[in-house]
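Q: Got a structure for you, written out below as structure tokens; questions coming shortly.
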Amino acid sequence: MGTPQTAPTGSALVRDVVLYTAARLAMVAIMALLLVLAGVPLLVSVLLALVVAVPLSMLLLGALRARVNAGLAAQGARRRAERDRLRQQLRGDS
């Protein structure tokens, strides 16, 4: 698995998080629907789909998950840097 060249920021990060969430939910819904059509009770289908979707999403959505992780890490680093800069200003350091 390669690392992304640049971390997504702002609206690109929001887009990636929404895509990743929607993809995981769609994966669960499709698996549950297939199980229900196969005659498995709805609750059991949803629970089984949730359990199967976790490792499956790790395999199928790895690149998107890596972009989301990189974007969140970059956003956290920017926030820490801004917080440190503001603290220095409050202390009177330049």
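Here, each number is a calculation from the coordinates, and none is a lab measurement. Just so you know, these numbers come straight off a predicted model, no measurement behind them. Because the Cβ atoms are built from the backbone with ideal geometry, glycine has one as well, and the counts that use them run over all protein chains shown.
Q: Give me the angle, in degrees from 0 to 90, between the Cα long axis of helix 62-91 and the longest principal axis of the Cα atoms of the chain, rounded to the nearest 10.
A: 30 degrees
Q: Mind pulling the angle between the C-alpha long axis of helix 11-37 and the longest principal axis of the chain? Nearest 10 degrees, somewhere in 0 to 90.
A: 10 degrees
Q: Give, as a single signed number, the net charge of other residues whose beta carbon lies under 15 Å from the beta carbon of Ala77, with Lys and Arg counted +1 and Asp and Glu -1.
A: On the way: positive: Arg78, Arg79, Arg80, Arg83, Arg85; negative: Glu82, Asp84.
Summing Lys and Arg as +1 and Asp and Glu as -1 gives +3.
Q: Over all alpha-carbon pairs in the range 11-91, figure out the percentage whose distance exceeds 18 Å. Provide the component values of the computation, followed by the final result.
A: On the way: 1852 of 3240 pairs.
That fraction is 57 percent.
Q: Provide the packing ranking of 28-37, 51-60, i.e. peptides ordered by the mean count of other C-beta atoms within 10 Å per residue, highest first.
A: Numbers: 28-37: 15.6, 51-60: 13.2.
Taking the mean over residues of other Cβ atoms within 10 Å, the ranking is 28-37, 51-60.
Q: Out of residues 5 or more away from Leu61 or on other chains, whose amide H comes under 5 Å of its own, with H placed 1.01 Å from N in the peptide plane?
A: Under 5 Å from the amide H of Leu61 lies no amide H from a residue far enough along the sequence or on another chain.
Q: Go through Leu33, Ala22, Gln88 and say which Cα lies farthest out towards the positive end of the charge dipole of the chain; charges sit on Cβ, +1 for Lys and Arg, -1 for Asp and Glu.
A: The residue sitting farthest along the positive end of the dipole is Gln88.
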